[in-house]
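**Q** Submitted below is the structure of interest, expressed as structure tokens.
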Amino acid sequence: MSNDYILETRDLVKEFKGFVAVNNVNLGVRRGQIHALIGPNGAGKTTVFNLLTKFLIPTHGQILFKGQDITKEKPAQVARRGLVRSFQISATFPNLSVMENVRIALQRSTGVSLHFWRSERILDRLNDKAMAILEEVGLGEFAHITAVELAYGRKRALEIATTLAMNPELMLLDEPTQGMGHEDVDRVTQLIKKVSANRTILMVEHNMNVVSSIADTISVLQRGQVIAEGPYEVVSRDPQVLEAYMGSTDNALEGAHG
């Protein structure tokens, strides 16, 4: 694959006691794109995500990030490389303020993690950066309220903010709109589109309206294999994809859940 790809997998396999959950998956995530991983229940999406973020070790195959083999690295190592999964660092602290949550993530990224005795000048600098990130995700006005007080959709925005604080080159988002009402889905969808401007995003997502509106490339998994790949207009009409979602019309993907 060319240098256009920030993340690649080569013949990725994961077996669990003889069950093949991921079967020779070859992915190529292009720099600067939003790449979505979709598929029906049990397709292997979560397993692939866990392999990419090093929560699982492959049975066979390779994972490359910016051309470097990261197959055997640990989650913290790949995060330092710039491959960051949202929940790795964004399980928010409910009793801290929105600003303090982002500042903790910033402290990790600057190498002074949890050094609360740092000078006021250092903390002020982090406050400025934290506020800039909060403004980017539309949470500036909520900076000083306690995280537990945020509505659900805004908590997800805070998770994205803390992920951004790690300055990722590749953000991995695991079903970012899961459990949301329509208004929150729209807000978070637009937020993902906005923060993708200078980054690459790989997301597992069950909401086809989200995928169709923002994904540049979609990989469809079924029984641990990629059965189709391309823009939504192409994959939504692929006979294998329609079969996988147990439908036979172009509308088969509407409302399908991953």
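Quick note: the coordinates plus some simple rules give every number you see, no bench work behind them. If you're wondering where the values come from, they're calculated on a predicted model, not measured in any experiment. No Cβ is skipped: glycine too gets one built from the backbone with ideal geometry, and neighbour counts run over all protein chains shown.
**Q** For every other residue with a beta carbon closer than 15 angstrom to the beta carbon of residue 149, add +1 if it is Lys or Arg and -1 if Asp or Glu, then tell me the sum.
**A** Once all neighbours under 15 Å are counted, the net charge is +1.
**Q** Need the full-extension length gain, residue 69 to residue 131, defined as separation in residues times 0.36 nm minus the C-alpha distance. One decimal, nm.
**A** 18.8 nm
**Q** Okay, next question. Which percent, to the nearest 5, of DSSP beta bridges fully inside the chain are antiparallel?
**A** 55
**Q** Let me know the Kirkwood hydrodynamic radius for the chain, please, with Cα pairs as the basis and the value in Å to one decimal.
**A** 19.0
**Q** A follow-up question, please. Among 131, 166, 171, what is the fewest-to-most ranking by other Cβ atoms within 10 Å?
**A** So the residues, fewest neighbours to most, are 131, 166, 171.
**Q** Given the pairs 45/72; 14/155; 14/66; 17/54; 17/74; 72/194, which are separated by over 30 angstrom at their Cα positions?
**A** Among 45/72; 14/155; 14/66; 17/54; 17/74; 72/194, the Cα-Cα distance tops 30 Å for 14/155; 72/194.
**Q** Among 245, 5, 152, what is the fewest-to-most ranking by other Cβ atoms within 10 Å?
**A** Exposure proxy ranking, most exposed first: 152, 5, 245.
**Q** Lys and Arg at +1, Asp and Glu at -1: add these up for the other residues within a Cβ distance under 13 Å of residue 198 and post the number.
**A** Local net charge: +2.
**Q** Separate question: If you line up the long axis of helix 182-195 against the longest principal axis of the chain, both from Cα atoms, how many degrees apart are they, to the nearest 10?
**A** 80
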